[in-house]
């Protein structure tokens, strides 16, 4: 698994869907210098765990927006699948009401660049390239700062849903560090004491 933290987020241009609109050339580059981005991958449209996550991101979208964060989802489904799922009511397994963009990575290139693609291309005994497993995305999540640099990443296996609370906590920690230069210890929450290294490299707690 590639570690992208500290590196520029891989750039792409792909189709995406927002509400009822299909966007032809969607790119995260539009947010550079303007917003933080939470870019998350999920395995498939019309599944079970995935809609719980997508709805939860929508329910907390105002919290991300207060922090100047754009939320963007992505899977290896087509833009037409995204569009159909977005028009399907929640009580029928759909995600109607989700307002943030969903990127269509039908060629699998974005998932490969972020190194969250499950399955492998292997060569069989006859020299043919075949797929082993299923080429869909793991539950990867990347926090990208306003300079386009990945500052946090986490990847879950497909049965394991994520924590939106933890995602917001890490956003808060990054923004606290950027604003005050203080580092955030384990389980730090917004409003808690943070730490600053002294000249000998030893960290000490600061007052609120």
Handout entry: residue 56-residue 99 pseudo-label distance in nm [points 7 Å out on the Cα-to-Cβ vector]
Key = 2.1 nm
Exercise for the section: Please figure out what share of the DSSP beta bridges in segment 1-119 is antiparallel and state it in percent, rounded to the nearest 5. Expected result: 40 percent
Completion exercise
For the chain the mean separation of alpha carbon contacts under 8 Å (6+ apart) over residue count, i.e. relative contact order in percent, is 23 percent
Problem - Over the chain: helical MRE at 222 nm, DSSP H runs n ≥ 4 each giving -39500 (n - 2.57), nearest 500 - result: -6500 deg cm²/dmol
Handout entry: Between 0 and 90°, nearest 10: helix 49-59 axis offset from the chain longest Cα axis
Key = 50 degrees
Fill in the blank from the handout: Quick note, segment 1-53: a/c under 1.5 would make it rounded; otherwise a/b > b/c is prolate and the rest oblate (a ≥ b ≥ c, C-alpha gyration tensor); here it is oblate
Exercise for the section: Report the calculated FRET efficiency for residue 128 and residue 21 (r = Cβ-Cβ distance, R0 = 41 Å), to the nearest 0.05. Expected result: 0.55
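Rg to Rh for segment 14-162: what is it, with Cα atoms only and Rh by Kirkwood?
Computed over Cα atoms, the ratio is 0.99.
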Problem - Cα long-axis angle, helix 164-180 against the chain (0 to 90 degrees, to the nearest 10) - result: 40 degrees
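Highest mean first, how do 140-149, 68-77, 178-187, 14-23 rank when packing is the count of other Cβ atoms within 10 Å averaged over residues?
Output ranking for 140-149, 68-77, 178-187, 14-23: 68-77, 140-149, 14-23, 178-187.
FRET efficiency for residue 92 and residue 196, Cβ-Cβ distance as r, R0 = 45 Å, nearest 0.05?
0.30
Coordinate-derived values only; no laboratory data. Note that the structure is predicted; figures quoted are calculated from it, not measured. With ideal geometry, Cβ positions are generated from the backbone for all residues, glycine too; neighbour counts draw on all protein chains shown.
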